[in-house]
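The values are calculated or read from the model by the stated rules, or taken from the named source; none is laboratory data. Quick caveat: nothing in here was measured; it's all calculated off a predicted structure. Using ideal geometry, Cβ is built from the backbone for each residue, glycine included, and neighbour counts are taken over all protein chains shown. SASA here: full protein model, heavy atoms, side chains in, ligands and nucleic acids out. Shrake-Rupley method; radii C 1.70, N 1.55, O 1.52, S 1.80 Å.
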Amino acid sequence: MDYIKIKGLSKDEVKGLVKEWLKLYPHSFNPEVNFWFYETLDNQVVVGLHDDLSTLAVSLLVIYLNSAKEQNEESKEVDVAAFVTVNDNEILLKQNYGRRAKIYARGLEGDETSVILLLENNYCVEYRFKGHAKQIKNSGLVFEEPEISVPDEKEEIIVGDVIPKTKIEESLSPEASPLKKLMWYGICGVVGLAIGFLLVHLVFKGV
């Protein structure tokens, strides 16, 4: 199971941030993609992730959730970490398929941000959303994944309920720009989906 665990934010705050993030990519999601949410006994929030989300997409969501640190008026410590099974080669090489990975944000100078990906064999890389991921040798980091128990009752949001269907219809209409069409058709494959995410991220960051 792929999921993100967040400390320092309420379930409603996390749901709001995920909805905001979805709206940044209105032409990159299948309307049926869903996310589910529940709060643990120690007041942490778990976000269940759909299988369609690639490693790159999850990394971008981690970055967005981590940005809540700057928006948090109470200055609470916010800790965000994703745990996924690698099933694409957008950041990591194919030889890492099937391995569990922990993904978390790492701040850099200025507006730059990167993510750290720590695999279950303690192989560690840093990715800055351009170029290739770089191995961090002798990081001293040890992969640990918390045990979670998913309750029967949990809250869910579906992309089609967040992004109006007219957005999707517009992206497929004859008048739609080729870029919008390309980004929407890309959801049929994991690689295409991630390209959509990367294009929006690069434009948003001004790279």
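At most 16 other Cβ atoms within 10 Å and a DSSP loop assignment: could you name the GluC sites (Glu not before Pro) in segment 82-166 that fit?
Glu109, Glu112, Glu144, Glu147, Glu153
Along each of the three principal axes of the Cα atoms of segment 1-158, give the extent in whole Å, ordering the values from largest to smallest.
39, 34, 33
Would you mind checking Lys15/Lys154; Lys102/Lys134; Lys7/Lys102; Lys102/Lys130 for any pair whose Cα atoms are more than 18 angstrom apart?
Beyond 18 Å between Cα atoms: Lys102/Lys130.
Which GluC sites (Glu not before Pro) does segment 1-45 hold that lie in a coil by DSSP with at most 11 other beta carbons within 10 Å?
The qualifying sites are Glu32.
Quick one: what are the phi-derived ³J(HN,Hα) couplings along segment 36-41, Karplus 6.51/-1.76/1.60 with θ = phi - 60°, whole Hz, x for glycine and proline?
10, 9, 8, 10, 7, 5
Just by accessible area at a 1.4 angstrom probe, what is the order of His132, His27, His50 from largest to smallest?
Descending accessible area places them as His132, His50, His27.
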